[in-house]
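S.K.: Handing you this structure, nothing more for now.
Every number in this text was worked out from the coordinates using simple rules, so none of it is lab data. This structure is a prediction, so every number in the text was calculated from the model and none was measured.
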Amino acid sequence: MALQAIEKGRKVHTYAYGTAQYHWAISPKDKWVLFDVKKDPQCENDLADKRPGLVARLDKAYSKWWDDTYPEMIAMGGDAGNPDEGRQAAKKSSSWKGKTSDKE
């Protein structure tokens, strides 16, 4: 699992279109969600409230990873903060009619 790798200190995780074992989705603002994707592949049963210790541990690992990664991302030109680029990307994404998952 990607977060397990991050928790162990790994800084890079690879996602290959069509071959990913784990998939992303939008999480509620200011709240993590947790799913057992083997038992619940549709991610319908949020386990975060039942596993607060695990969520806290993964949150801590993710925060450390992000704090290490973000400055490197900015230094390489990622998320440069150009508001026009952000608006263009938002406009493109809102009008997207293609697939939203590699499993469709």
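S.K.: Classify the stretch 28-81 as rounded, prolate or oblate from the Cα gyration tensor: take a ≥ b ≥ c as the square roots of its eigenvalues, call it rounded if a/c is under 1.5, otherwise prolate when a/b beats b/c and oblate if not.
M.R.: Taking the square roots of the gyration eigenvalues as a ≥ b ≥ c, the stretch 28-81 is prolate.
S.K.: Apply the Karplus parameterisation 6.51 cos²θ - 1.76 cosθ + 1.60, with θ equal to phi minus 60°, to every residue of the stretch 42-51 and state each ³J(HN,Hα) to the nearest whole Hz, in sequence, with x for glycine and proline.
M.R.: Karplus-based 3J(HN,Hα) across the stretch 42-51 equals 7, 6, 9, 10, 6, 9, 4, 5, 7, 10 Hz.
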